[in-house]
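Notes follow once the structure below has been shown.
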Amino acid sequence: MVAGFNWTFPLACLLVGVTAVLLCFGALVTTYDAAMAVPDWPATYGHNMFLFPFADWFYGPWDLFLEHGHRLLGATVGLITLALATLVWLREPNATVRGLVAAAVLLVVVQGALGGARVLLDDKTVAKVHACTGPLFFAVAVAIAALTGRGATAASASGGPALRVAVALLVAAYVQLVAGAQLRHLDAAVVTPVMFRWLVAIHLAGAAAVAGLSWAAVPLCRSQGSGAAGRWAVVIAALVACQLALGVGAWFVSWGVPSGLLPAAWMPNEPLAARSGRGAAVVTGHVVLGMLILGGSVALAMATGLFARHPARATA
Amino acid sequence: MTTMKIIPACRLLIAGLCVAAAVGCGKTPPAYFRPNMVEATKQRLTADQEKQVATILLAMFGTPDDPVCLPETGLDEAKLRLAAGPVRSDIVGRKNGLYREHCAHCHGVTGDALGPTAAFLNPYPRDYRPGVFKFKSTERADKPTHADLVRLLHNGVPGTSMPSFALLPAVQVEALVEYVKYLSMRGETELALMRAFFELDDDAQGKLPETREFLVDETLSPVAEKWRAAADAQIQVPPMPADIDMVASIAKGRELFYGDKANCVKCHGVTGLGDGQANDYDDWNKAIVEIGKELASGTTKAREASTAGMSPEELSEHRAQLAWLDKFGKVLDGDALEPRTIPPRNLRHGIYRGGRRPIDLYYRIHAGINGAPMPAAKGTVPPEDIWHIVNYIRSLPYGLDGELGADKPMLARDRF
């Protein structure tokens, strides 16, 4: 190990990257209803998870591939988190980073346990909570990476309206993921059409809030924040625009074009295809992009001064 | 000092965990079949009577997680088990719970078309409980054949949100079809039981006889028999003459379309755009509309009635009627969706919900669409002439009314 080299940042970046892949797998597991493709936990069909025959997994049924892959990635993320925690514990003086890493360890343990409970109890409610904790962990991982990066110390704490909008965006992006998780883990035995209508209304209102905040953030961050804040704001605004399109697409591939919405001649004359790759890509992409927007808004919030060293405390 | 600084870092985390916890308050209860409350209320069943129906159905059909079927149903329990229950893979890695994976969010766990998404769909998903199906190869009032349902799942219903399940393995489609029949038989049996209270004599004391004769022979078997008979109820289609003169056939079809025997124009409009009589409902929605009307007039009458001159019995009857009206209103709010009209099809789109093969259109025109206002041409139009109408209908999307030559190329998608 090169003395003095800051390993925390690359490790944190690795954590963010692997977590993003993990989230993709998680979203696919929900899309393909694959959560119960492996009925036992923590073993996989009686095998130690890591010793489950590679060929059976890799060339096995698609839902088994997703679920077991999700577990392997989850374990990997857990191990990276622990390595990062060790490193931070030994080397990192910054209390915020230490706090965040502690939070990450706590979350990854809780998340793993929730994943196990989802399988052992075969319970959709647990699945929903599991789907809400995942992005939370991702947000924490992004925050750690942003704080340990080289730019972090340089970022000027702008605070003010830019920070407020960024934090509001962060909260709205998360609430949106929570609402989305409710829509995706529909338990037909529990959710009535009336409840579903409310969920959709909340999700649409949330979409409006996220869009409004992300677009309002652009001029604010460009004029007030650091250069990084301005760049993040633009990226997020663009992602949100894509996300709105994907959301509309997710509706169309799931439930078709509402009759009367489009001129009759534009209506597709092919039926919807359940389990089509394109449909799955749109729906899953919508979830994953939502998580990326959340991660981006964490970075934005930090670039506008969230967790910035308070001058008074820094000197104390 | 250190703890002070950890606080802001943890604040978001705690907030997030709170949201997560709020989302998941308590374990999901096991799935259950919802009773047909609209019918129960319509028949003015008492709570005990509702319970008796539920108990009988439980014995005959089991639960969504644990279906059973009597031999009289002719259903294959192994297939049902593959389709029923929560989504999970069994010990050999075979996926179970197919119905809840693929169908229940629209058609509902009970097959009552009250799945979560139903209110957003137009047309609404099918309620299987009355046992009425639209797109099939059998005579109007008959059930679809097994092959009809398999084809329906394969093709989906184009132009609606009912998707195609062509990407599922055949075994899974088989299991799903079996499960649709199961839900439909269960629903029809429930209706029959609820209606049977009305015919009880006084010494039955408001209870259905729990004998095999009544429950199986008189109630379940007739329902199952209709499904079994579907195979023999297939529409006999005369082959379309191979040497048919397409131009003449389309012209003939056009004449019939506008003529007063078939009178397709009445609904599908002079332009074929489906802009004729467009304010009608299909059977499922009509039932709700009619109940709504009855409730409205009943409520007005009950409210206007003066209680002044009523005897005590009349008064209690009056109160019971008010309570019933009130209850029915609430039941409708929870167990019925806002009624929607079913507009006649726009025939210039070339989107046919029941399939676009010429023979599908033949079936549609011959038998009409069961459950929908679309009438059967059978009886008014001779079988061979139905082919002329089919040819005319198939020419409409191309705007060539009557001019399409038989030599003209057809679009690829219409060539089978």
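Annotations for the structure displayed:
- Hydrodynamic radius (Kirkwood) for the protein assembly as shown, which is based on Cα pairs only, to one decimal in Å: 29.4 Å
- Most mobile listed residue (B:219, B:63, B:299) in chain B, GNM with C-alpha springs under 10 Å: B:299
- Exposure proxy order (Cβ contacts within 10 Å, fewest to most) of B:201, B:76, B:232: B:201, B:232, B:76
- Protection proxy ranking of B:166-174, A:282-290, B:99-107 - average other beta-carbon atoms within 10 Å, highest first: B:99-107, A:282-290, B:166-174
- Helix axis angle, B:2-23 relative to chain B longest principal axis, alpha carbon, degrees: 60 degrees
- Low-density loop positions, GluC sites (Glu not before Pro), the range B:197-272 - DSSP coil, at most 12 other Cβ in 10 Å: B:210
- For the range B:208-283, chymotrypsin sites (Phe, Trp or Tyr not before Pro) meeting the loop criterion (DSSP other than H, G, I, E, B) and having at most 14 other Cβ atoms within 10 Å: none.
- In chain B, Cα pairs under 8 Å separated by at least six residues give a relative contact order of 18 percent.
- Share of alpha-carbon pairs per 10 Å distance bin for the range B:277-409, given as whole %: 10, 26, 21, 14, 13, 9, 5, 1, 0
- Considering only alpha-carbon pairs that sit under 8 angstrom and 6 or more positions apart, the relative contact order computed for chain A is 22 percent.
- Remark on residue A:44: its backbone amide H falls under 5 Å from those of A:49, a criterion applied only to residues 5 or more positions apart or on other chains, H modelled at 1.01 Å from N.
- Semi-axes of the equivalent ellipsoid for the range A:160-217, computed as √(5λ) from the eigenvalues of its C-alpha gyration tensor and ordered from largest down, come to 28, 10, 6 Å.
- Ordering A:124, B:51 from the fewest to the most neighbouring beta carbons within 10 Å gives B:51, A:124.
- Considered as an equivalent ellipsoid built on the Cα gyration tensor, the range B:25-95 has semi-axes of 28, 18, 9 Å, the largest given first.
- Value of [θ]222 nm, deg cm²/dmol, for chain A, DSSP H segments ≥ 4, -39500 (n - 2.57) each, nearest 500: -25500 deg cm²/dmol
- Put a plus charge on the Cβ of each Lys and Arg, a minus charge on the Cβ of each Asp and Glu, and nothing anywhere else: the dipole of the range B:283-335 about its Cα centre is then about 140 debye.
- Using a Förster distance of 45 Å, the FRET efficiency for residue B:260-residue B:293 (Cβ separation, nearest 0.05): 0.90
- For A:109, A:16, order by how many other beta-carbon atoms lie within 10 Å, fewest first: A:109, A:16
- Lysine pairs in the range B:283-335 with Cα atoms under 17 Å, if 8 or more residues apart or on separate chains: 4
- With the convex hull drawn around the C-alpha atoms of the range A:155-316, the volume per residue stands at 141 Å³.
- Mean-square fluctuations from a GNM of chain B, with a 10 angstrom spring cutoff on Cα atoms, peak among B:241, B:158, B:29 at B:29.
- Convex hull volume of the range A:1-150 per residue (C-alpha atoms, cubic angstrom): 112 Å³
- If R0 equals 30 Å, the separation of the Cβ atoms of residue A:280 and residue B:338 corresponds to a calculated FRET efficiency of about 0.45.
No lab work stands behind these numbers, since they all come straight from the coordinates. The structure displayed is predicted, hence computed values, not measured ones. When we count neighbours, we look across all protein chains shown, and the Cβ atoms used for this are built from the backbone with ideal geometry, even at glycine.
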